[in-house]
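The values are calculated or read from the model by the stated rules, or taken from the named source; none is laboratory data. The model shown is predicted, which means the values in this text are computed figures rather than measured ones. Counting neighbours? That spans all protein chains shown, and the Cβs are built from the backbone with ideal geometry, glycine included. When the accessible area is computed, the model is the full protein with side chains, heavy atoms only, and any ligands, DNA or RNA have been set aside. Shrake-Rupley method; radii C 1.70, N 1.55, O 1.52, S 1.80 Å.
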Amino acid sequence: MTMEYGGVWNGCLEMNSRQVIQLEFFLEAGDFSTAGEASSQIKRILQQIGVKAETARRIAIGAYEAEMNVIIHSLGGKMRVAILPDRTDISVEDNGPGIADVKLAMQEGYSTAPDHIRDMGFGAGMGLPNMARCSDEFSITSEVGVGTKIRMVIHHP
Amino acid sequence: MLKLAEVNALLCTEVLCGQENMEREIVTACGADLMSDVLVYTKEKTLLLTGLTNIQVVRTAEVGDLMGIIFVRGKRPGPEVIEMAKAKSIPLMLTELSMFDACGILHDYGIRGCVERVPRNEL
Ligand SMILES: Nc1ncnc2c1ncn2[C@@H]1O[C@H](COP(=O)(O)OP(=O)(O)OP(=O)(O)O)[C@@H](O)[C@H]1O
Ligand SMILES: [Mg+2]
C-alpha cells in the first residue's frame, strides 16, 4: 500500500469549514503485510481533527472492510478518501474481476472466501453488509471483467 | 463490568503487552475467529477472545475500538503482532483455557455478549 496526500490539506489538523483532507491509497492484491494500514491512517486523522469516536469507528470499519475486500478478492485497486468538516467520502475502485451477482454478495453470510482466507479470519460474508450499515450513503456497482466500485459517505454529526 | 486486571486473574493470563492499561473496564466480550463478525456485533468497551493470532486481529481491535485481546488455548502471537499492538495501545493477553471455558468464566462474572440474539438467516 502506498499513500499520497492531495488537495488542500496543509498538514495542520485543524479544519475550517472550507478545508478538505484528501487521501489516496493504492491497494495491492494479496498484500497482507500492510492490509488495514489505509483504514488505520484514516482513523488516526479523524481522531486528530476531533471527529466523534463513534463516528470515526464507523468510518474506520467501513474503510477496513472495503480495503480488505480489494486485497482479498480483487486484482488490486485504490481507495480515495475526502474528509470534509461535515462528512467523510470514501470511494474504492478495483481492477476486477468484478462481482457477477451484487445482490447475492450483499447478503449477510454470503462469501466465496477459500479456506486459506477463512483461516486468516475472513470470510464471514459480513463485510459488504457492514459497509452499508456503517454508511449514511452506500452504493456498489460492479462489472464482471472490469471491476467493482464502492462509495460510502458518512456524515459527521 | 470487570477491569482487565480482574479478567487476568480469572483466566490466569500472561500479559503480552499493555500492562499499563489493566485498569480498563469491559462490559461485554466477544469470542470469535471471523473478524468481520466481530466488527458487526461489537460495541465499545468490548474484549475480544480469539484463537487467531495474526496481525489482522490487532487491526480489527484497532478499527473496532476494542479494549483488548485474549488469545485462547495458549496460542502465542508472533513478535510483529505484539509490536503492532504496543504501538496501537491494545493490550494483549494469553490464557491456556479453551475458548468455551474462558468465555464461561467471564459470563459467570457478569460479562455478556455484545448482542443477545441475531435474527435467523432466512437465506
Ligand atoms: N472487490 C471485490 N471484487 C470481487 N469480489 C468481491 C469484492 N468484494 C466482495 N466480493 C465478493 O463478495 C463476497 C461477499 O463479500 P463480503 O465482504 O460481504 O464477505 P467476505 O469478504 O467473503 O467475508 P468477510 O468480509 O466477512 O470477511 C465475497 O466473498 C466475494 O465473493
Ligand atoms: Mg469482506
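Measure nothing fancy, just the Cα-based angle from helix A:53-73's long axis to the longest principal axis of chain A, in degrees from 0 to 90, nearest 10. The two axes meet at around 40 degrees.
Rounded to the nearest 20 debye, the dipole magnitude of segment B:2-114 is 120 debye, with +1 charges on Lys and Arg beta carbons, -1 on Asp and Glu beta carbons, and the Cα centre as origin.
Fraction of C-alpha pairs exceeding 35 angstrom in the protein assembly as shown: 17 percent, rounded to a whole number. Accessible area per residue for the protein assembly as shown, computed on protein heavy atoms with a 1.4 Å probe, is 47 Å². Structural descriptor for segment B:54-123: relative contact order 31 percent, calculated from alpha carbon pairs under 8 angstrom and at least 6 residues apart. Do you know which residues of segment A:64-113 lose at least 30 square angstrom of accessible area in the protein assembly compared with their chain on its own, with a 1.4 angstrom probe? Output list: A:Tyr64, A:Glu65, A:Gln107, A:Glu108. Computed in the context of the full set of protein chains, the accessible area of chain A at 1.4 Å probe radius has 49% of its extent on carbon or sulfur.
Counting Cβ atoms of other protein chains within 10 Å of each Cβ in B:60-67 and taking the mean gives 5. Sequence-distant contacts, meaning Cα pairs under 8 Å at least 6 residues apart, place the relative contact order of chain B at 31 percent. Among the residues of segment B:20-39, those with an accessible-area drop of 20 Å² or more from chain alone to full protein complex, heavy atoms and 1.4 Å probe, are B:Leu34, B:Met35, B:Ser36, B:Asp37, B:Leu39.
Among the protein heavy atoms of chain B, carbon and sulfur supply 52% of the accessible surface, probe 1.4 Å, non-protein parts ignored. For the chain pair B and A, buried accessible area totals roughly 2100 Å², probe 1.4 Å, rounded to the nearest 100. Evaluated over the protein assembly as shown, the count of Lys pairs having alpha-carbon atoms less than 13 Å apart is 4 (only pairs 8 or more residues apart or interchain).
When the charge dipole of chain A is built from unit charges on Cβ atoms (+1 for Lys and Arg, -1 for Asp and Glu) and taken about the Cα centre, the candidate among A:Tyr110, A:Ser74, A:Met126 whose Cα reaches farthest toward its positive end is A:Met126. Find me the longest stretch of chain A that has none of the exposed trypsin sites (Lys or Arg not before Pro), where exposed means in a DSSP loop (not H, G, I, E or B) with at most 14 other Cβ atoms within 10 Å. No qualifying site falls inside A:53-157, the longest such stretch.
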